[in-house]
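Data block below; observations after.
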């Protein structure tokens with residue numbers, strides 16, 4: 001039996017082939033030992049501060065909220081080395097891999113942000129690195145593919161099925177089952193079999209801890225909402241963990257794609273059913289027979305038909321409200337933040353921002369303080385978004401016509 | 001509790017034969033062809049059948065069986081059809097041991113108890129779930145209790161890296177047979193198979209149900225070597241699926257090639 005509880009209520013667990021259990025036991029043991037090892041903690045915080053650039057700032061929007069009584073603060077994980085929050089936890093996992101004597105690291109990636117984070121830490125610490133990425137994603141996230149290759153990673157495009165994140169996860173699990181003796185599987189989100197959801201949360205919760213301190217310094221009181229996007233859910237659980245015991249309302253924003261009631265969405269918690277996929281019991285987008293469906297989102301990083309098991313638990317307990325933003329709402333937020341604050345957000349993070357903008361518009365006279373986890377920067381998205389905005393007639397020679405985007409509220 | 005696997009192993013043991021168990025995916029490439037394939041396998045000498053219950057994300061399987069799963073699901077076949085097909089085979093061969101390999105979500109989605117009730121109703125002997133390790137079998141969703149209630153054998157996979165504790169635990173739970181994993185990794189013929197003789201010895205010592213060796217066994221030569229590890233028989237999956245994949249356009253050739261393959265593999269399991 002595992003040493004730490006593998007479940008969050010009824011969610012989570014360790015639903016993997018028996019052959020992988022020893023590898024997961026070894027990882028759990030390494031994690032338990034490392035938590036109590038001052039040397040590990042020191043190396044981790046040294047890398048977080050001096051290599052990755054923690055703490056990241058909390059930035060108050062100057063222009064976006066003009067004409068309303070809303071204040072929006074952005075937690076600037078986009079400024080973290082690598083361009084997204086992913087770097088936080090890959091440093092932790094890579095140090096665990098080193099402790100376990102592994103020489104090779106594999107990872108799955110959707111948007112490529114986790115792949116980039118994995119590649120950079122492997123370059124730094126001297127691991128061989130293989131990244132599995134759906135062939136559709138290698139196309140829509142080309143800049144990140146080059147970044148990974150540049151830093152020495154081998155990027156393997158996965159061509160089965162819909163060729164997105166789900167297939168990349170399956171393929172990484174297969175590699176792990178063959179090579180776990182010398183290979184660590186660096187899962188990129190707070191999902192997968194135990195102990196991954198716990199390990200990833202523990203290495204990401206620094207986001208919320210910093211926000212907690214920074215908002216009290218800046219604002220003198222706790223915020224009225226913390227808002228994060230949810231694909232697998234690592235940036236969200238990183239933001240929420242330190243606030244779970246407070247009364248601060250927490251919002252997880254799922255991708256509603258072309259519309260929350262259309263088949264083209266990735267809102268697993270809102271539209272999914274309970275079941276076992278990717279090593280854990282959670283909510284999945286699936287058929288009545290339990291066959292996993294393809295998800296859809298404009299944002300590769302949110303395009304996943306399952307979700308981390310702790311989010312499933314927090315949904316049922318009611319502690320977190322899981323809401324959604326459509327492709328169009330995220331596109332609008334992407335352009336607005338660029339135009340008004342000079343910050344290009346990742347399309348993933350744009351979903352969280354879109355929901356904050358919606359809260360602001362729905363209550364313009366309400367004095368409210370919203371914190372958005374700006375989990376990544378949008379440089380990787382500019383080519384793809386540029387194409388989409390041109391096709392939609394939103395981006396033309398005479399400027400941006402945001403009124404051509406359709407809002408669901 | 002279903003006794004067909006136990007009876008078959010006793011019968012083979014008297015004849016000094018190992019079991020040859022082909023693995024194919026239900027409804028691959030479609031219901032009717034699959035029915036013909038299953039009949040061919042049995043009539044060519046298969047001692048038992050292990051059948052893949054199609055799943056969208058077979059993470060323990062290599063490319064050949066992944067494609068088989070995809071073909072089956074693309075034909076539009078669903079859980080009810082897979083059970084129906086098993087029922088048809090059961091009617092044709094009343095004493096044939098039949099097991100399925102099914103990923104956990106398909107079981108959970110139907111309702112675990114209902115799944116095993118359906119299995120019993122169509123005459124299925126055993127169910128193997130490759131993504132539920134023994135320590136998760138009875139934690140909250142009690143797969144074991146449901147299986148026992150409906151008198152269906154619970155088959156477990158024993159990996160070659162199993163600790164003594166794991167081997168003992170598996171020995172105490174697995175029924176019908178023990179799926180002895182020959183090596184790490186996923187199904188497929190691209191890598192050779194392993195010969196975990198020490199683990200096989202321990203399984204016997206701890207009184208586990210007879211072991212069938214699988215993963216990477218594809219030729220009659222492989223089968224002969226595999227039988228020397230002390231197992232009660234062998235399973236070959238990807239090799240069968242490869243024949244199906246190669247002969248999708250020619251059903252006659254498909255069936256005759258499969259038949260020749262089963263005969264050759266069966267001959268190799270006869271211990272001299």
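Taking every DSSP bridge with both residues inside the protein assembly as shown, close to 25 percent are antiparallel. With axes computed from alpha carbons, what is the tilt in degrees of helix A:206-219 against the longest principal axis of chain A, rounded to the nearest 10 within 0 to 90? Approximately 30 degrees, to the nearest ten. Per-residue shielding of A:385-397, expressed as the average number of other chain Cβ atoms within 10 Å of the residue Cβ, stands at 0.
The separation of the range B:137-163 from the range A:1-61, counted between C-alpha centres, amounts to 29 Å. For chain A, the longest principal axis of the Cα atoms and the long axis of helix A:113-125 meet at an angle of about 50 degrees.
Packing order of peptides A:186-195, A:11-20, highest average first: A:186-195, A:11-20 (average count of other Cβ atoms within 10 Å over each peptide's residues). Across the range A:287-373, the convex hull enclosing all Cα atoms gives 132 Å³ per residue.
Determine the distance separating the Cα centre of the range A:319-396 from the Cα centre of the range B:179-247; give it in Å without decimals. Cα centroid of the range A:319-396 versus Cα centroid of the range B:179-247: 53 Å apart. Overall dimensions of the range B:4-267, expressed as equivalent-ellipsoid semi-axes from the Cα gyration tensor (√(5λ), whole Å, largest first), are 25, 23, 17.
Ratio of Rg to Rh for the range B:33-77: 1.01 [Cα atoms; Kirkwood radius as inverse mean 1/r over pairs]. Taken over the alpha carbons of the range B:12-116 as equal point scatterers, the Debye sum produces base-10 log I(q)/I(0) values at 0.10, 0.13 Å⁻¹ of -0.29, -0.48. Each of B:114, B:204, B:266, A:166 was scored by other Cβ atoms within 10 Å of its Cβ. Arranged with the fewest first, they read B:114, B:204, B:266, A:166. Full extension of the chain between residue A:382 and residue A:100 yields a length gain of 97.6 nm, computed as 0.36 nm times the residue separation minus the alpha carbon distance. Which of rounded, prolate or oblate describes the range A:54-164 when judged by the alpha-carbon gyration tensor and an a/c cut-off of 1.5? Judged from the Cα gyration tensor, the range A:54-164 comes out oblate (a/c at least 1.5, b/c at or above a/b). Highest mobility in the GNM of chain B, judged by mean-square fluctuation with C-alpha springs under 10 Å and restricted to B:128, B:156, B:85, is found for B:85. The Rg/Rh ratio for the range B:92-204 is 0.98, where Rg is the radius of gyration of the alpha carbons and Rh is the Kirkwood radius. For the range B:181-243, what class follows from the C-alpha gyration tensor (a ≥ b ≥ c being the square roots of its eigenvalues): rounded when a/c is under 1.5, otherwise prolate if a/b is larger than b/c, else oblate? Prolate. Pairwise alpha-carbon distances in the range A:141-184 exceed 13 Å for 63% of all pairs.
Take A:25-33, A:271-279 and order them by the average number of nearby Cβ atoms within 10 Å per residue, most first; the result is A:271-279, A:25-33.
Note on the range A:328-382: Kirkwood hydrodynamic radius from all Cα pairs is 11.3 Å, rounded to one decimal. Across the range B:56-125, counting alpha-carbon atoms alone, Rg and Dmax equal 12.8, 33 Å.
Equivalent-ellipsoid semi-axes for the range A:110-173 (Cα gyration tensor, √(5λ), whole Å, largest first): 19, 12, 8. With the helix formula -39500 (n - 2.57) applied to DSSP H stretches of n ≥ 4, chain B reaches a computed 222 nm mean residue ellipticity of -14000 deg cm²/dmol. Take each peptide in A:230-237, B:49-56, count the other Cβ atoms within 10 Å of every residue, and average; sorted highest first, the result is A:230-237, B:49-56.
Average 1/r across all pairs of distinct alpha carbons in the protein assembly as shown, invert it, and you get the Kirkwood radius: 26.2 Å. Kirkwood analysis of the Cα pair distances in the range B:141-254 returns a hydrodynamic radius of 15.2 Å. Secondary-structure-derived ellipticity at 222 nm for chain A, considering helices only, amounts to -12000 deg cm²/dmol, per-run term -39500 (n - 2.57) for DSSP H runs with n ≥ 4. Computed from Cα positions, the angle between helix A:165-179 and the longest principal axis of chain A comes to roughly 20 degrees. Note that the range A:125-276 shows a convex hull volume over its alpha carbon atoms of 171 Å³ per residue.
Annotation: for a label point projected 7 angstrom from Cα along Cα→Cβ of residue A:5, residues of the range A:316-331 with backbone N closer than 19 Å are A:316-320.
A Förster radius of 41 Å combined with the Cβ-Cβ distance from residue A:397 to residue A:218 puts the calculated FRET efficiency at roughly 0.50. For peptide A:159-165, the mean count of partner chain Cβ atoms within 10 Å of a residue's Cβ comes to 1.
Taking A:383, A:127, A:196 as the candidate residues, the one with maximal mean-square fluctuation in a Gaussian network model of chain A, Cα springs under 10 Å, is A:383. The order of B:142, B:125, going from fewest to most other C-beta atoms within 10 Å of their C-beta, is B:142, B:125. Among the residues of A:275-284, the average count of other protein chain beta-carbon atoms within 10 Å of the residue beta-carbon is 4. Mind jotting down the distance between the C-alpha centroids of the range B:18-93 and the range A:121-156, whole Å? Computed from Cα coordinates, the inter-centre distance equals 37 Å.
Computing FRET efficiency as 1/(1 + (r/R0)^6) for residue B:30 and residue A:273, where r is the C-beta to C-beta distance and R0 is 35 Å, gives about 0.80. When both bridge partners sit in chain B, DSSP labels roughly 5% of those beta bridges antiparallel.
To the nearest 0.05, how large is the calculated FRET efficiency for residue A:404 and residue A:123 if R₀ is 51 Å and r is the Cβ-Cβ distance? Once the sixth-power term is evaluated, E becomes 0.75. Legend: ranking of residues A:401, A:184, A:114, B:150 from fewest to most surrounding C-beta atoms inside 10 Å; resulting order A:401, B:150, A:184, A:114. Length gained on full extension, residue B:198 to residue B:151, computed as 0.36 nm times the residue gap minus the Cα-Cα distance: 13.8 nm.
Taken together, the values in this text are just the output of simple stated rules run on the coordinates, not laboratory data. These numbers come from a predicted model, not from an experiment. FYI the Cβ positions are ideal-geometry reconstructions off the backbone, even for glycines, and counts take in every protein chain you see.
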